[in-house]
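One structure below.
The values are calculated or read from the model by the stated rules, or taken from the named source; none is laboratory data. Quick caveat, the model's predicted, so the values are computed rather than measured. Virtual Cβ from ideal backbone geometry, glycine too; neighbours counted across all protein chains shown.
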Ligand code: PEP
């Protein structure tokens, strides 16, 4: 039985005041039946970990460098994230792939580094509008997920969370319809099943792309959608809680 999992990606949005207000709002009403994780920007992780002590809400980093330490100015390692109180880290978000030229090879290296440090990698995959319109959605998804499926053991994969985020739906207000999303989620689960049946049954596959309190219930009701990776709507406690508790 996969519990509902909702993750909030704050992207490059935060201040000390905002963090205090947002986390106070979320923790005051975090639903027991949903696992909740927030991904604040790196400079705020320690403060977030402090605020979330004693709460069921977990925190994660938005990115990591696959190297352990050294001359990588501006970068953050997996062990630093752990040291700051993180449980998880986003890997391969489409903004990282597009704006920072991250490749499938980088995604695998980062996922391995995260796992080695004991973090849960949230491996993000998704097609662009151009790719969808050219009927390449499944080919793109397969290529992106195969980078990790072929590079990791079943035991390692069992510690990952997968997020399907159609690029055309991220931050655009255009959500995939529940049927469109379910179709791709079922395809992702079939790829996981080809690797290992148990892995497919137990893995969380989240949907991301303009999830809001008003559309979360229908999306999360789909058989293969186990929760959401939420950007914009995770910046307001009430809206985010409406997604975490979509009943
Ligand atoms: C995201 O950043 O992963 C995301 C899905 O953003 P939004 O919810 O704003 O579309």
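Quick check on the range 205-247: of everything there that is out of contact with any strand residue (DSSP E or B) (no Cβ under 9 Å at 6 or more places or on another chain) and within 22 Å of residue 193 (Cβ to Cβ), which residue is nearest to the ligand (Cβ to nearest atom)?
This residue is 221.
Condition test on residue 128, is it crowded, with 20+ Cβ neighbours inside 10 Å, under 18 Å from the mean Cα position of the chain (by Cα), over 13 Å from residue 192 (Cα atoms) and within 16 Å of the ligand (Cβ to nearest atom)?
no
Looking at the range 18-41, which of its residues are in a strand (DSSP E or B) and within 14 Å of the ligand (Cβ to nearest atom)?
Scanning the range 18-41 gives 37, 38, 39.
How many of the residues making up the range 42-59 are over 17 Å from residue 233 (Cβ atoms) and not in a helix (DSSP H, G or I)?
Qualifying residue count, the range 42-59: 7.
In the range 67-88, which residues are touching a residue at least 24 places away in the same chain (Cβ under 8 Å) and closer than 29 Å to residue 2 by Cα?
Those that are touching a residue at least 24 places away in the same chain (Cβ under 8 Å) and closer than 29 Å to residue 2 by Cα: 78, 79, 81, 82, 84, 85, 86, 87, 88.
So which residues in the range 6-17 are in contact (Cβ under 8 Å) with a residue 60 or more places away in the chain, surrounded by fewer than 21 Cβ atoms within 10 Å (Cβ to Cβ) and either more than 10 Å from the ligand (Cβ to nearest atom) or not in a loop (DSSP other than H, G, I, E, B) (or both), if there are any at all?
13
Being surrounded by fewer than 18 Cβ atoms within 10 Å (Cβ to Cβ), modelled with pLDDT of 95 or more and away from the ligand (no atom under 13 Å from the Cβ): is that true of residue 158 here?
Taking the combined requirement at face value, the residue satisfies it.
Select from the range 179-228 the residues that are more than 20 Å from residue 90 (Cβ to Cβ), in contact with a helix residue (DSSP H, G or I) (Cβ under 7 Å, 6 or more places away or on another chain) and part of a helix (DSSP H, G or I) and list them in ascending order.
187, 189, 191, 193, 195, 199, 200, 213, 218
Which of the residues that make up the range 143-178 are part of a helix (DSSP H, G or I) and free of Cβ contacts under 8 Å to residues at least 24 places away in the same chain?
Listed by number, the list holds a single entry, 155.
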